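In what follows, a single structure is set out as structure tokens and then discussed.
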Amino acid sequence: MSTVASIIHEWKKFGTTRTLPRAGRPSKLSNRGRRALVREVTKNPMVTLSELQRSSVERGEPSRRTTISAAIHQSGLYGRVARRKPLLSKRHMAARLEFAKRHLKDSQTMRNKILWSDETKIELFGANARRHVWRKPGTAHHLANAIPTVKFFQQQELGD
């Protein structure tokens, strides 16, 4: 329906072209508060709902956790478990990229000859817990949405 047709339809149905009251409850959060929440989440993706609730109280817009979560979801951000990625320096990243480029055209039989020893014990800086991040779909491997991991060298002692 075109704009003109919708105006004519509204005139015939309600007898006015003024904006009528909307159905449903108005949002508790203002647009400014919603933008502030999204800004805070994009700045720190690992922020919790409780922390966001405290910050909304400090801004003068107290809201429930479900309201905050719904506002963040409307902006396209969702709570997901953070991926674990190795903590790499710029030099290590460059070396990995160089290796990948060098072996890009290798055949499958050549790749089968390589011994891939990727089993290792990983310790997450002493915290082996699952962390959640707010992120958009398709951004799981971005550095801000991942937990950096380092190898944890375990020493075994043999008994006498």
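Numbers below:
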quantity	calculated
Positions within the stretch 98-114 being among the hydroxyl-bearing types (Ser, Thr, Tyr) and either outside any loop (DSSP other than H, G, I, E, B) or at positive phi (or both), in sequence order	Thr109
Filter result for the condition that a residue is surrounded by fewer than 10 Cβ atoms within 10 Å (Cβ to Cβ), basic (Lys, Arg) and modelled with pLDDT under 95, over Lys136, Lys85, Lys151, Lys90	Lys90
Residue list for the stretch 60-69, filter: exposed (fewer than 15 other Cβ atoms within 10 Å of the Cβ) and of a type outside the set (Val, Ile, Thr)	Gly60, Pro62, Arg64, Arg65
Positions within the stretch 77-97 being in contact with a helix residue (DSSP H, G or I) (Cβ under 9 Å, 6 or more places away or on another chain) and either part of a helix (DSSP H, G or I) or over 13 Å from Leu37 (Cβ atoms) (or both), in sequence order	Tyr78, Gly79, Arg80, Ala82, Arg83, Lys85, Pro86, Leu88
Restricting the stretch 1-46 to residues that are aliphatic (A, V, I, L, M) and in contact with a Phe, Trp or Tyr (Cβ under 7 Å, 6 or more places away or on another chain), the residue that is farthest from Ala71 (Cα to Cα)	Leu20
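The values are calculated or read from the model by the stated rules, or taken from the named source; none is laboratory data. Because the structure is predicted, anything quoted here is derived from the model rather than measured. Because the Cβ atoms are built from the backbone with ideal geometry, glycine has one as well, and the counts that use them run over all protein chains shown.
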